[in-house]
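**Q** Please read through the structure below; I'll follow up with questions.
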Amino acid sequence: MNATLPVLSGIVVVAALPKWSSSWTCVMFGALVLAIIMGTWAGAVAGGKGRSMQKWFLFGFFVPFIGLIVAYIVKPVTPEKKQAKDNSKNQP
């Protein structure tokens with residue numbers, strides 16, 4: 001019983017791994033990883049400037065390099081602008 005346990009666990013691990021059927025699979029997986037990294041990076045930069053991290057993540061995810069460059073270029077939100085924006089949301 002103890003000898004079959006490593007063999008069975010090896011089969012389960014191999015069965016769980018995806019089969020890389022072509023080079024395009026590797027390219028697409030790499031592009032997905034790059035888009036997630038760039039989206040997270042753009043969201044973090046914009047979030048540090050007082051902007052919406054979720055919106056900037058999506059922008060950086062769908063337009064990776066341009067989204068990151070724009071996140072660095074955009075100016076930080078000043079407390080006065082943020083307060084004015086919050087006041088305008090509260091008024092009917």
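**Q** Among the residues of segment 32-58, what is the count of those that are more than 12 Å from the chain's Cα centre (by Cα) and farther than 18 Å from residue 72 by Cα?
**A** Going through segment 32-58, the residues more than 12 Å from the chain's Cα centre (by Cα) turn out to be 45-52.
Adding the requirement that they be farther than 18 Å from residue 72 by Cα leaves none.
Qualifying residue count for the region: 0.
**Q** Quick check, is residue 56 part of a helix (DSSP H, G or I) and either loosely packed, with under 13 Cβ neighbours inside 10 Å or modelled with pLDDT under 65 (or both)?
**A** Spelling it out, it is not the case that residue 56 is part of a helix (DSSP H, G or I) and either loosely packed, with under 13 Cβ neighbours inside 10 Å or modelled with pLDDT under 65 (or both).
**Q** Output the number of residues of segment 59-81 satisfying the condition of being among the hydrophobic types (A, V, I, L, M, F, W, C) and buried (at least 19 other Cβ atoms within 10 Å of the Cβ).
**A** So the answer is 4.
**Q** Can you name every residue in segment 56-83 that is among the charged types (D, E, K, R) and free of Cβ contacts under 8 Å to residues at least 12 places away in the same chain?
**A** 80, 81
**Q** Would you be able to say whether some residue in segment 21-30 is modelled with pLDDT of 85 or more and touching a helix residue (DSSP H, G or I) at 6+ places or on another chain (Cβ under 9 Å)?
**A** So far as segment 21-30 goes, no, none of its residues is modelled with pLDDT of 85 or more and touching a helix residue (DSSP H, G or I) at 6+ places or on another chain (Cβ under 9 Å).
**Q** Hey, another quick one. Here are some conditions: (1) at pLDDT below 90; (2) assigned to a helix (DSSP H, G or I); (3) surrounded by 11 or more Cβ atoms within 10 Å (Cβ to Cβ). Residue 39 meets all but one. Which one does it not meet?
**A** Exception for residue 39: condition (1).
The values are calculated or read from the model by the stated rules, or taken from the named source; none is laboratory data. The shown structure was predicted, so the numbers you read here are calculated from the model rather than taken from an experiment. Note: ideal-geometry Cβ built from the backbone for every residue, glycine included; neighbour counts use all protein chains shown.
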